[in-house]
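Colleague: Before anything else, here's the structure in question.
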Amino acid sequence: MKTTSILAMTILATLTASAASAQSSETVQTPEAAAAPAPAASARQDWNAVSRSATRVYMVDVSSIKANGDVTAVDLARVPLNPTSPTARNYTQVAMEFRCSAKQSRAFSETDHDEAGAALDPVETGETFSPYEANTLDAYVAAVVCEGARAEPPTYPSITAFI
C-alpha cells in the first residue's frame, strides 16, 4: 500500500509538472484573452492535476473532498489542453463518489461549462459503484481522495486560473 501511495504521488508530481510546463509553453496572452472576464472562483477551491492525455488534463478539487459514512465525494474536472479559442474557458466538471475500502467509484453527475466558463445544467449519469483497476484515472483520483496524495505545486484556485 505504501508503494502504491509513493507511486501515485510520483505520478501526480510528474503529471503536474508536465501540465504546468505544457500550459506555460502553450499559453500566450492576447489582448482579447487578458480582457476576458473570468468567472468568480470559490476561495475554497484547490485544483490538483492528477492525470493528462494528449487532449486533456484531469484535475481534482481537493477542497471538495467530503466523507459521509463509507462514501467520499469529490469534484473532478476534464479540461481541454487546446481550447477552441484564446478566451475559451470550457470544461466538464464530474461529481464522483468513492468507497475507498472497497476500491469502488462512480461518477454520478457531469456539468459542462460553456466557453465563458458558465455552468450548464448538470446531467445525472446513472452510474452505480464499480471496482476500479490500478493505473486508471479513477485509481489516480482515489490516491488523492482515499490516501491523501496531493500534486506538487503549482495547484490552482480555479479551473480558469489553470486555463
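The values are calculated or read from the model by the stated rules, or taken from the named source; none is laboratory data. A quick note: this is a predicted structure, and the numbers were derived from the prediction, not measured. Quick reminder, even Gly has a Cβ in these numbers, built from the backbone with ideal geometry, and neighbours come from all protein chains shown.
Colleague: Under 8 Å between Cβ atoms, at least 6 apart or on separate chains: pull out the pairs that start in region 119-136 with a residue that is in contact (Cβ under 8 Å) with a residue 24 or more places away in the chain and end on any residue that is of a type in the set (A, V, I, L, M) and not in a strand (DSSP E or B).
Modeller: PHE129/ALA102; PRO131/ALA102; TYR132/ALA139; TYR132/ALA142
Colleague: Going through region 105-140 one residue at a time, which ones are surrounded by 14 or more Cβ atoms within 10 Å (Cβ to Cβ) and over 18 Å from the mean Cα position of the chain (by Cα)?
Modeller: Correct list: ALA116, PHE129.
Colleague: For region 69-79, which residues satisfy the criterion of being on the phi < 0 side of the Ramachandran plot and either surrounded by 17 or more Cβ atoms within 10 Å (Cβ to Cβ) or in a loop (DSSP other than H, G, I, E, B) (or both)?
Modeller: Scanning region 69-79 gives ASP70, THR72, VAL74, ASP75, LEU76, ALA77, ARG78, VAL79.
Colleague: A further question follows. Considering each of SER105, SER109, SER101, SER85 in turn, give the residue that is farther than 16 Å from LEU137 by Cβ and in contact with a Ser or Thr (Cβ under 9 Å, 6 or more places away or on another chain).
Modeller: SER109
Colleague: Right, here's the next one. Condition first: touching a residue at least 60 places away in the same chain (Cβ under 8 Å), of a type in the set (Gly, Ala, Ser) and closer than 24 Å to THR125 by Cα. Now tell me which residues in region 67-96 satisfy that.
Modeller: ALA77
Colleague: Follow-up question, since we're still on this one. Go over the candidates ALA143, ALA149 one by one and state the one that is assigned to a loop (DSSP other than H, G, I, E, B), in contact with a strand residue (DSSP E or B) (Cβ under 9 Å, 6 or more places away or on another chain), on the phi < 0 side of the Ramachandran plot and surrounded by 16 or more Cβ atoms within 10 Å (Cβ to Cβ).
Modeller: None of the others qualify; the one that does is ALA149.
Colleague: Answer yes or no: is there a residue in region 82-95 that is among the small types (Gly, Ala, Ser), in a loop (DSSP other than H, G, I, E, B) and in contact with an Asp or Glu (Cβ under 6 Å, 6 or more places away or on another chain).
Modeller: yes
Colleague: Of the numbered conditions (1) of a type outside the set (D, E, K, R); (2) at pLDDT below 95; (3) buried (at least 18 other Cβ atoms within 10 Å of the Cβ); (4) on the phi < 0 side of the Ramachandran plot, ASN82 fails exactly one; give the number of that condition.
Modeller: (3)
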